1. State which residue is farthest from the chain's Cα centre (by Cα) when the search covers only segment 105-132 and only residues that are assigned to a helix (DSSP H, G or I) and among the hydrophobic types (A, V, I, L, M, F, W, C).
2. Val419 - would you say it is assigned to a helix (DSSP H, G or I) and not basic (Lys, Arg)?
3. Under the condition of being part of a loop (DSSP other than H, G, I, E, B) and surrounded by fewer than 17 Cβ atoms within 10 Å (Cβ to Cβ), which residue from segment 300-325 is modelled with the lowest pLDDT?
4. Does any residue in segment 97-119 that is touching a residue at least 60 places away in the same chain (Cβ under 8 Å) and among the basic types (Lys, Arg) come within less than 9 Å, Cβ to Cβ, of a residue that is open to solvent by 50 Å² or more (accessible area, probe 1.4 Å) and not in a helix (DSSP H, G or I) six or more places away or on a different chain, and which pairs are these?
5. Is there any pair with a first residue in segment 65-92 that is open to solvent by less than 30 Å² (accessible area, probe 1.4 Å) and a second that is outside any loop (DSSP other than H, G, I, E, B) and hydroxyl-bearing (Ser, Thr, Tyr) whose Cβ atoms are under 9 Å apart and which are 6 or more apart or on different chains, and what are they?
6. What about Phe368, is it surrounded by fewer than 18 Cβ atoms within 10 Å (Cβ to Cβ) and part of a strand (DSSP E or B)?
7. From Leu566, Leu538, Leu617, Leu543, which residue is at pLDDT 90 or above, part of a helix (DSSP H, G or I) and open to solvent by 80 Å² or more (accessible area, probe 1.4 Å)?
Amino acid sequence: SALAATAMSGLEMQNGDQEGSADVVDRVYRHPKPTETVASHHVAPDADLLLEEVEVPEANDPHMHLRIPQKYVVKFIQNELEQADACKSLPMALLLFCAYAMMAVLRLDQESRFSMNHALEHDIRDNANFAFSHNIGSKAIDDVNSVADFYSWLRMGLVPLVLGPAQQYSYSEGFQEGTLRAPGPPGTCSREPGVWPADKPLASDARGWRKMRFASDSEQQVPVLGDYLQFNRIIGGIQLVQTIAAPAKCKTGKYDSFAELWGKGCFPVPSYFNIPPEDHHAEIIGAYDRQEWLLLKDPVDPVLVQKTVDMETGCQGMSAGECLCKTCQEGGEPFAPWIDEKTQKVTARFLVFNPTYGQFASVSSVFFFTRSGHIWKMLVVQNFQMAPYGVNDVGGSAALIGAAIVWCAILVKMAAEEVVEIYATFRDYGVSAIFTRYLGVWNIMDWVSIAGSIPVLIVWLQYDLAVGDVNAAMERLIAEEKLQDLGELDALYRLVDIATASAKDQRYLLFAYPVVVMLRLFKSFNKQPRLALVTQTLRHCALDILHFGFVLAVIFFTYVVSGICLFGQNLPEFARFDRAVHVTFMMLLGGSDWDAMADAAGGQVQAGVFYWTFNILMCTLMLNMLLAIIMETYGGVKGRIGADAETLVSQAMEIYSRSRKAKSGEYIRLDQVLDALHRKEEKALMERSSAEFRNGNGTAKHIRLRDAAIARAELCATPLGLNDVFKLVRGIRTAEVVELLEGGKLLWETEEPPEPDFLQKIAKCRDKLSRFSQAADVLTLRLHRAVRHKSSQDDGEEYLPRQSRSRPPPAEPAKLQALHEMLSDGLISRTEFDACKGVFFRSIGVATAMP
């Protein structure tokens, strides 16, 4: 734009003088002469763009007469530059992926998290037992099927396991009765019952708990309040919360007598209660309506046991003392049980701290009370690190921070490069070129990679802040000795909910972002023929897959609906539409449970019709047809690149060789050659704009933008030869020019014919119409007559004005042949063809009805 402004100002000074404007253009584009010349070069008298020094090719050079349209040479250079950029960006893209992978793995530390989750869940599921027979519990959490079972599990299973240190530090079962036995007769393995020596009493207290030191140097004696599974510490106690449902009208319709027979209110629950809930339904505590605490400071027996009894009975039958269930007293006397018909979800959870792993874990046992009478049970463990950057060793922490810095640096570099490219496009071609020239699939992928990192960084920061809040609250509670304060514990558990939710969001985002990084890698793959097989295959068969996918989707969703109707009543996988879609897709990949389907359908015949037709139609036919479409396209793409296509190694070596030759002066950099060709376009554009400006047809800026497409289109067809390139680029060698021309020639010969579009059809029609003036006159007059007929609504007007008729010259066979070609190519309609043909035949005295 600066060059254009300079030239326009020069033109104004010349007051329309054409010779003066040409001098200005030459001054703008001509570079100064070098102070030294090379012996193999001489000054070309007609060099008018860059330089006055060109290499003289040999007279008998076989490439002297090689002339290639400029657009193919430009296209070849652009392809080479894009391939070089893609090849050079591949290591950076791989580094981006590796840095992100290391950062995500070290950040999550999934190995230690799995160990925590597995230990806590396994202990609650297997050891929180009830329904004891002697000393062995016969039921666990999965056997809770009623309100009574819930209280039995809570009072006899969970509370003694979690809050009772006798489980952790008592002696083994039957120790006093039979552990110590006197030796039997020599040579035998039998042992006779003996008596524990009176002079060696067991180190235990009145409750039977062992008294010993830890394995460390600590002087603290066991049992320790809140110890859990030896390596964990429970904070506060067990929190019991529940949500209740709002009353609603019973679905008895107009039959009021049914409601009278029921005699109670209806309290509907969300629809997801009707089928097995998912983890995210159990993870969200949210707002709750009733809350009770079972604190560590209270002894299990009798305080905690009595509190569970009060919750179950609503403090009824209490002989003395106060009611320990605070929520039961909210409605006044008579007190109501803690769980009633309004209850829809109950959660019993406790918070665990593990100093070895540096993690907090929230262990939740969730019970969903359906309105059919069934109780769904779920056990969910959510944990997070108390020091997100303090992984198990210092080296791991340094690696995490280093990987995060590298990842952020690469993203900043990518953003800076894209901004520079946008600015260059705007500077050279205007605002509209940002959408027409810059925005492409791969540039969009770059911005997706950059934009996708922003949510990751935001959630990363949110997680760090949430963990910091939990740590600060814990430090304050420990310092103020308020770990048993109900209000403080409730606030701490809410902070834990925020931290666990942030940890889950971070995990999901870290899971999704590698897909974006993978797409970024495909940009580098696209310019390497062998690596681009996948992307090129998908690009070429996308339209076929789209149409085939429509048919496939219709058949697929037909079976989804059929499965819901046939199996949904007895199989939860088919009870809802989204789950039915998932399980049907799993069937498409070979996963199915025939026995369950047969039982749910009511017989093997009904299930067999669904199963057989689905496997024959979807798995055997449709899926294989989809693979056939892809493989056929893959074979075609692989055949087009040929067996001698460049490998990644050979392409890298070629780029390295060209770069080395450019540094040594043997070759001119390709971007400099491309700039010279673009300056040729700019000069032609300037000359055209100068003439328009002198004629008063517009401002310099508008003329430049308006004529840009015209000038470039004309130059695209300009043939380039050895001498032309030598004139444009100083110091270029014959070998490099021949390489460029041969590359352009290869593109010229192998370029696939473009699909005919509207502009190409117009150009083709104009070319053929120019071969005979009579047909052009007839079509033009026909358009004028249509306009006049529309304005005057005169249907009787003659096709041609009588006074303007003149007998045309005899039609030549070439003109009639051109008409037939236009008709067969679809460039003119049958009516237009008959009109032109009629004029030709009448002009030579032949009947128009003649074929």
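1. Ile124
2. Details: assigned to a helix (DSSP H, G or I): yes; not basic (Lys, Arg): yes.
It is true that Val419 is assigned to a helix (DSSP H, G or I) and not basic (Lys, Arg).
3. First pass over segment 300-325, keeping only residues part of a loop (DSSP other than H, G, I, E, B): 314-325.
Those left that are additionally surrounded by fewer than 17 Cβ atoms within 10 Å (Cβ to Cβ): 316-322.
Details: Gln316: 77, Gly317: 64, Met318: 62, Ser319: 53, Ala320: 59, Gly321: 67, Glu322: 78.
My answer is Ser319.
4. Between residues of segment 97-119 that are touching a residue at least 60 places away in the same chain (Cβ under 8 Å) and among the basic types (Lys, Arg) and residues that are open to solvent by 50 Å² or more (accessible area, probe 1.4 Å) and not in a helix (DSSP H, G or I), the close pairs are Arg107/Tyr389; Arg113/Tyr357.
5. Every condition considered, the pairs that remain are Ala84/Ser659; Ala86/Ser524; Cys87/Ser524; Ser89/Ser524; Leu90/Ser524.
6. no
7. Sole residue among the options that is at pLDDT 90 or above, part of a helix (DSSP H, G or I) and open to solvent by 80 Å² or more (accessible area, probe 1.4 Å): Leu543.
Residue-wise test of (1) under 24 Å from the mean Cα position of the chain (by Cα); (2) more than 30 Å from Ile655 (Cα to Cα); (3) in contact (Cβ under 8 Å) with a residue 40 or more places away in the chain.
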| site | (1), (2), (3) |
| --- | --- |
| Arg530 | no, no, yes |
| Arg539 | yes, no, no |
| Leu543 | yes, yes, no |
| Thr558 | no, yes, no |
| Val561 | no, yes, no |
| Cys565 | no, yes, no |
| Pro572 | no, yes, yes |
| Arg576 | no, yes, yes |
| His582 | yes, yes, no |
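The values are calculated or read from the model by the stated rules, or taken from the named source; none is laboratory data. As the structure is a computational prediction, the values presented were derived from the model and not from experiment. Note: ideal-geometry Cβ built from the backbone for every residue, glycine included; neighbour counts use all protein chains shown. Remember, those area values only see protein heavy atoms, side chains included, never the ligands or the DNA or RNA. Shrake-Rupley method; radii C 1.70, N 1.55, O 1.52, S 1.80 Å.
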